[in-house]
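Comments concern the structure below.
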Amino acid sequence: CVCVCVCVCVCVCVCVCVCEINSLTYIYTAFTRPVGLPGIHEFSAIGLLDGRPIDYFDSDTQVKVPKEDWMKERMDKEYWDKGTSSRQTKQQWFKVNLKILTDRLRKNDTDNHVLQWRHGCEVNTEGSERKLSGIDQYSYDGEDFLSFDSHHKQWVAPMDGAMLTKRKWDGIQQLNDYTDGYLHNECVQWLDTFLKYRKEANIKASRPEVYMSARPVKNNRKLSCLATGFHPKEITMNIRRDGHLVDRLDGLQSTGVRPNGDGTHQIKMWVMIPGGDTAKYTCEVNHPASNIHEVKEWGKSLVG
C-alpha cells in the first residue's frame, strides 16, 4: 500500500493508504433445465479480470470466446480450442453432479435448480510485498454448499447435504494438492500474464484524429487545428501560412497537450486570420509513435 499521512496538529494525524488489488475469477453456472429467459443459459462460464469479463462460454454457442480485444490478439487458436474443450467437459460434469445433488438433497424435480462454482485468485500488492489469496467454492440454489480451506487443505461443508462430498474430496490428496497449487501458483501466473497483456494493450500507440475549422470573429476568422485521441502524448503540431511557419509573433495560441480522460490526449492550436486574407493555411501533425504525419489544408485534406 502507498500511505500518505497528514498531521493537522501535533496530536492528530490522518493517514490514507492505497493498495493495488488485482483478481482473476472464473464463474460457472448450471441449471437443471433451460431457463427460457434471454441471456440466461442452461450452462455458462465467464472469466473476470478485476471484475471485467475477458472470456465467455455458454451451452448455446458451445465456444469459448474472448471478451476483450487484447485477449483475442494475444491468445492463440490453441488456447481457445483447449478452453472450448475444457468448458464442454465441465458442462457435462455439472449436468451429472447437479442431478446427483438434486436427488441427494431431495429437491423437487419439477423445480429448476442451480449449481454455481466460483474459483480464482487475488493479489494484494503492498509496495514490494504481495499477499496471495484464493477462492474455490460451490453454491446450490444460492446457498453455500462447499468451499476449499487453503490453510488446512481441506473442504468445508456448511450444510449437511455436502458432508458426503466433503469426505470424498478430502480423501483425494491429489485433488486437494492440485486445488491449492492452482489457487496460489497457476492462477497467479495467469493473472500476471493477463495484467501484462492488458497493460501493453492500454499503452499501445493510438493515432490522432486531426480536424481543421474556422469560425467568424467580428471581421476576422479564428482558424483552429485539433488533434485528438492519440497516445502516447509526444506529438508535434504546426500551422503554416503559404508554407511559412506561423508562430506566437503571428498570434498563434495553443492549449498544449491535455488528457482526454480515456488514456488518450488532445492538443489544439489557433490563430486569427484577417477577413481579406486569401493565403493558404495548412495544419501539420506528426505523431512518431503511430508513424503518422498528416497535413490538412483549410478546405481540403491531404494525408501523407
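The numbers here are math on the coordinates, done by the rules we state, and not lab data. Fair warning: this is a prediction, and the values are worked out from it, not measured in the lab. Virtual Cβ from ideal backbone geometry, glycine too; neighbours counted across all protein chains shown.
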| Listed residues 174, 49, 288: farthest to the positive end of the dipole of the chain (Cβ charges) | 288
| said: Cut-off 14 Å, label point 7 angstrom out along Cα-to-Cβ of residue 293: give me the residues of the range 205-244 whose amide nitrogen falls inside. | reply: 236-238
| Charge dipole (debye, nearest 20) of the range 209-303; +1 at Cβ of Lys and Arg, -1 at Cβ of Asp and Glu | 360 debye
| task | Note down the relative contact order for the chain as a percent, whole number, built from C-alpha pairs under 8 angstrom at least six residues apart. | result | 12 percent
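By its C-alpha gyration tensor, with a ≥ b ≥ c as the square roots of the eigenvalues, how is the range 78-189 shaped: rounded for a/c under 1.5, else prolate for a/b larger than b/c, else oblate? Let's see the in-between values first.
Numbers: a/c = 2.07, a/b = 1.49, b/c = 1.39.
Prolate shape, in that a/c is at least 1.5 and a/b is the bigger ratio.
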| request: Report the convex hull volume per residue for the range 201-304, counting only C-alpha atoms, in Å³. | output: 98 Å³
| message | Can you give me the Rg/Rh ratio for the range 30-86, using Cα atoms for both radii and the Kirkwood formula for Rh? | response | 1.01
| said: So, R0 is 25 Å and r is the distance between the beta-carbons of residue 193 and residue 65; what FRET efficiency does that work out to, to 0.05? | reply: 0.85
| query | What distance in nm separates the simple spin-label points at residue 152 and residue 178, each placed 7 Å from Cα in the Cβ direction? | reply | 2.3 nm
| remark: For the range 123-236, inverting the pair-averaged 1/r of distinct alpha-carbon atoms gives a Kirkwood value in Å of 19.5 Å
| If you take the charge dipole of the chain about its Cα centre, with +1 on Lys and Arg Cβ and -1 on Asp and Glu Cβ, which of 155, 190, 263 is farthest toward its positive end? | 263
| remark: With a ≥ b ≥ c from the Cα gyration tensor eigenvalues, square-rooted, and the rule rounded for a/c under 1.5, otherwise prolate when a/b > b/c and oblate otherwise, the range 210-265 is prolate
| field | Candidate lysines for bridging to residue 204, where Cα separation is under 26 Å - those fewer than 8 sequence places away on the same chain excluded | value | 64, 67, 72, 77, 196, 233, 268, 296
| query | So what are the three principal axis dimensions of the chain from its Cα atoms, in whole Å, longest to shortest? | reply | 90, 62, 35
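Going by how many other Cβ atoms sit within 10 Å of their own, how do 160, 136, 81 line up, fewest first?
Sorted ascending by nearby Cβ count, the order is 160, 81, 136.
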| If you place +1 on the Cβ of every Lys and Arg, -1 on the Cβ of every Asp and Glu, and leave all else neutral, what size is the dipole of the chain about its Cα centre, to the nearest 20 Debye? | 1040 debye
